[in-house]
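Read the structure below first, then the notes.
The values are calculated or read from the model by the stated rules, or taken from the named source; none is laboratory data. A quick note: this is a predicted structure, and the numbers were derived from the prediction, not measured. Cβ sites come from the backbone with ideal geometry, for glycine too, and all protein chains shown count toward neighbours. Each accessible area value is taken on the protein alone, full model and side chains, heavy atoms only, with ligands, DNA and RNA left out. Shrake-Rupley method; radii C 1.70, N 1.55, O 1.52, S 1.80 Å.
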Number of protein chains: 2
Amino acid sequence: MLRVVPLAAGWLLPGGPSVPRFSRARAWPLGHGGLRPWRAGSAEAGRRSVLKTPKGTRDHPPAYTALRERLLAAVVTCFKRHGAAAIDTPVLELRETLMGKYGEEAKLIYELQDQGGELLALRYDLTVPFARYLAMNKITNMKRYHIAKVYRRDNPATTRGRYREFYQCDFDIAGQFDPMIPDAECLKIVHEILSDLQLGDFLIKVNDRRILNGIFAVCGIPESKFVTACCTVDKLDKVPWEEVRGEMVGEKGLSPEAADHIGEYVQLHGEHCGLIERLLQDPKLSQNKLAKEGLGDMKLLFEYLTLFGITGKISFDLSLARGLDYYTGVIFEAVLLQQENEHVEEPVSVGSVAGGGRYDGLVGMFDPKGRKVPCVGVSIGIERIFSILEQRMKASGEKVRTTETQVLVATPHKHLLAARLKLISELWAAGIKAEMLYKKDPKLLKQLQYCEDTGIPLAAIVGEQELTDGVVKLRDVATRVEVDIPREKLVDEIRRRLEP
Amino acid sequence: MLRVVPLAAGWLLPGGPSVPRFSRARAWPLGHGGLRPWRAGSAEAGRRSVLKTPKGTRDHPPAYTALRERLLAAVVTCFKRHGAAAIDTPVLELRETLMGKYGEEAKLIYELQDQGGELLALRYDLTVPFARYLAMNKITNMKRYHIAKVYRRDNPATTRGRYREFYQCDFDIAGQFDPMIPDAECLKIVHEILSDLQLGDFLIKVNDRRILNGIFAVCGIPESKFVTACCTVDKLDKVPWEEVRGEMVGEKGLSPEAADHIGEYVQLHGEHCGLIERLLQDPKLSQNKLAKEGLGDMKLLFEYLTLFGITGKISFDLSLARGLDYYTGVIFEAVLLQQENEHVEEPVSVGSVAGGGRYDGLVGMFDPKGRKVPCVGVSIGIERIFSILEQRMKASGEKVRTTETQVLVATPHKHLLAARLKLISELWAAGIKAEMLYKKDPKLLKQLQYCEDTGIPLAAIVGEQELTDGVVKLRDVATRVEVDIPREKLVDEIRRRLEP
């Protein structure tokens, strides 16, 4: 299953644990606060209020960026393995594009000041812009991924990886197809990504909005209260049923009988075959058209998931409801089953790490003629996954190399800047990643120290003697072994040394 | 010099010109408007005002995104070759972080509505956030690149690649070093990127703010008018000297004599050695401390550029001034020398394609104690370069593949969905990029057509016979040759076929 290079391996510096330390500006030791975003309210902040990033946002220093890029690369590898194309949309959208799509959450949208011209807002997710894009370009069939930042004026909980500016990684399939085939692929993708990333054991909960709505209907809830009932049920993963029941009766005005009736249903979960059959034979639910459709599709979905060999980690769970308004069919959410406590001092509570579902009505809200384009998609909770990986690496004391430099061009004594500039040009021209210190006459020790600090594996040293002999002294930084290489063979020798 | 794969080559579909057409949603023919951003004001827009992106912004469809990613990859390759680490900063900054850094251009900053809490704005470039980042984290030494979107409420000129939301690609070196070594590397980077991208002949103009200020001083301009004089001089690349002189005398209130005097200097450019010597011997200028410093450094810079072997495309040009306030030393700007007319119907006017310079005072504006961190950096005008590449590819009729799918899993007759789902699982597990149609019983012809439309090179076909025989029929889509492969050898055979 490990098609993607495991994230926790292979990131050590070439020199491994023998590399003594990192210079602050180039490589950030994960174990020593290097990845911690700068905190407002610290002593430094007091002097000048301007010296901070906006609330709920953070800078991504090099070690963070390098780790994030590797994580995103693993996700993109999976999306591409499934044939998706990439798109991008503006961070800015017209306000009216976003309005009426998110229900109660709309109050968390960042709006731009009216500076003349159009009224704008920052995108809240990647799904609504995707639907707008499909409708605008009259696209009825597309498999795309989109990785980009979105914005929510929510209460940040930065230790749990919840920010006001954060990345979403979305994969969606738009088009009219035979039932449940694209839906099954979305679940397969979640399964592959969570397996590839080796985050520990996980469970993907699956449900269907049509089944939930069928349940509400047979429990006597008016259709106008389906959405609000859904939101309340959605809290079942965080609070016990008694509390959810209380909210239904107290705040949402459902009858105690209806609530109890709903409770009997939504607390069901587990082995899918038995549960689906049981519900299909439920005298009331089997009479409800929506629920029947949903249950039939759920049966089909599990057939496909069985062929994919992934049902072991998938649970049909009637308590799963998902907060967003726009879902119309299958919904799902992945959670990690155990905290990664081994290396971690304080376990991170991360909540769900992926979620998604079917939204067949959203594109139609944008199409001038209301034409629908059925869609199903998944969003990978990359920020939460990142906070787990960050903790894990910090705890293990592993270091992230933040540059890829292969060779430092160095000189052993003074008046050799010209020699360094010439040699480094030759290396760059050959595609070798090379650096030199920006000093006219740096000490050799400083140059070698720089290699150790930043993980550069080789030093190419030219002194007067080497220039006269037409050679370059190639030094292996870890072993300290030096060999004279004829200058015209240097590039080949460096390539040979750096072969994996 | 071609260390980076040339952008114009190797992007054809595997089948080359024999591939007949692309389906709209997956692959976008560049020659047929597939890359054109959707235009507001078209017939479609009239019906529902919401169906557009904000003014000056655009969606990036798959072919655009694929082309852009290849372009950015070439730029990143160069930045990494020079040892830079990547960082990211928020799109949002505190308003006060941005205020007072951009001079007159500050009016183009997008501000967010006051929704309670901090007053925010969208970043205007990546340089000011970098300076804020350095000061906030007390970093005095860093080589970083940053590729991200920035926002300017400017008048869009979309045919020339000027948008309100656009990418910047910045490389900067911060730290106290020996003079002109990092500055020379920035110019080397511009030279490498423009050469690698094969954009045609180019010229990099170089000047120094200290020389310009020295000129203004010896022409009798008060120091308070240096910045405004600079802005006026900067127009010399677009309008003739007479007009610039008119603005100096008319709008900026300089005396006609001073303007004429400035004119004598700033119209000088060309062979650097001669020009530097001439100015160093200029009786007035040689008495000015700033100008003398600038000229001495310019001499040193050209020494280093000679060692890099790139002076052939670099011109010392006293008319180069650059608009932004924060430059303090060397400044430079790259322009393409000839339009790429060969394949293009309407030549694109693109202006400068890279620019940058030294800004030694910006970090100090953020540091609580005003501590300075000298910086020099370069910004690659990726949007302008993109519009050239886009035009070039459109004119040549080349097609961009937007997915990387290697195999379509297909079936020749009905009732074989389960067989497809099982086989595609095996391929995904082996890391093969595979797709199948989301139909229960697709026609074989449709499946093969999909391969041709989207450039998938291989089809793996399983029918009842193949299942019985334990084989898979592997079809080369371009040649139509089919071979039965034992199922357990399929993955290896696919890998073998797809080897470069």
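Annotations for the structure displayed:
- Exactly one residue out of A:Leu199, A:Leu194, A:Leu203 is touching a strand residue (DSSP E or B) at 6+ places or on another chain (Cβ under 8 Å), among the hydrophobic types (A, V, I, L, M, F, W, C) and open to solvent by 40 Å² or more (accessible area, probe 1.4 Å): that is A:Leu203.
- Within the stretch B:117-134, the set of residues being open to solvent by less than 20 Å² (accessible area, probe 1.4 Å) and more than 25 Å from the chain's Cα centre (by Cα) comprises B:Leu120 only.
- Residues in the stretch B:149-183 that are within 10 Å of chain A (Cβ to nearest Cβ), out of contact with any strand residue (DSSP E or B) (no Cβ under 9 Å at 6 or more places or on another chain) and either within 25 Å of B:Leu71 (Cβ to Cβ) or of a type in the set (Ser, Thr, Tyr) (or both): 0 in all.
- Residues located in the stretch B:453-492, provided they are exposed (fewer than 14 other Cβ atoms within 10 Å of the Cβ) and not acidic (Asp, Glu): B:Gln465, B:Thr468, B:Gly470, B:Thr479, B:Arg480, B:Val481, B:Val483, B:Pro486, B:Lys489
- None of A:Asp260, A:Asp234 is in contact (Cβ under 8 Å) with a residue 60 or more places away in the chain and more than 14 Å from chain B (Cβ to nearest Cβ) except A:Asp234.
- The stretch B:291-341: number of residues that are at pLDDT 95 or above, in contact with a Pro (Cβ under 7 Å, 6 or more places away or on another chain) and open to solvent by 40 Å² or more (accessible area, probe 1.4 Å): 1
- Put simply, of A:Asp154, A:Asp114 the only residue that is acidic (Asp, Glu), open to solvent by 40 Å² or more (accessible area, probe 1.4 Å), assigned to a loop (DSSP other than H, G, I, E, B) and without any contact (Cβ under 8 Å) to a residue 60 or more places away in the chain is A:Asp114.
- Flag: B:Lys143 does not match the condition of being under 15 Å from the mean Cα position of the chain (by Cα), in contact (Cβ under 8 Å) with a residue 12 or more places away in the chain and either in a strand (DSSP E or B) or more than 9 Å from chain A (Cβ to nearest Cβ) (or both).
- Residues of the stretch A:119-136 that are facing another protein chain (nearest Cβ under 9 Å), basic (Lys, Arg) and not in a helix (DSSP H, G or I): none at all.
- Any hit, the stretch B:271-290, residues being open to solvent by 20 Å² or more (accessible area, probe 1.4 Å) and of a type in the set (Val, Ile, Thr): no
- Scan of the stretch B:85-111 for residues that are facing chain A (nearest Cβ under 7 Å), touching a residue at least 60 places away in the same chain (Cβ under 8 Å) and closer than 30 Å to B:Lys188 by Cβ, ordered by number: B:Ala85, B:Ala86, B:Asp88
- Residues in the stretch B:384-420 that are surrounded by fewer than 23 Cβ atoms within 10 Å (Cβ to Cβ), within 11 Å of chain A (Cβ to nearest Cβ) and closer than 23 Å to A:Leu301 by Cα: B:Leu417, B:Ala418, B:Ala419.
- Considering (1) open to solvent by less than 10 Å² (accessible area, probe 1.4 Å); (2) more than 7 Å from chain B (Cβ to nearest Cβ); (3) assigned to a helix (DSSP H, G or I); (4) not basic (Lys, Arg), the lone condition that A:Thr65 does not fulfil carries the number (2).
- Residue in the stretch A:157-177 that is open to solvent by 10 Å² or more (accessible area, probe 1.4 Å) and within 24 Å of B:Asp441 (Cβ to Cβ) present: yes
- Taking each residue of the stretch A:461-475 that is within 21 Å of A:Leu437 (Cβ to Cβ) and of a type in the set (Val, Ile, Thr) and looking for partners that are assigned to a helix (DSSP H, G or I) and at pLDDT 95 or above with beta-carbon atoms closer than 8 Å, six or more apart or interchain, yields A:Ile461/A:Leu444; A:Val462/A:Ala419; A:Val462/A:Arg420; A:Val462/A:Leu423; A:Val472/A:Leu423; A:Val472/A:Glu466; A:Val472/A:Arg487; A:Val472/A:Leu490.
- Of the residues in the stretch B:313-330, at least one is in a helix (DSSP H, G or I) and out of contact with any Cys (no Cβ under 8 Å at 6 or more places or on another chain).
- In the stretch A:454-500, the residues that are assigned to a loop (DSSP other than H, G, I, E, B) and either among the basic types (Lys, Arg) or under 21 Å from A:Leu421 (Cβ atoms) (or both): A:Ile456, A:Val462, A:Gly463, A:Gly470, A:Arg480
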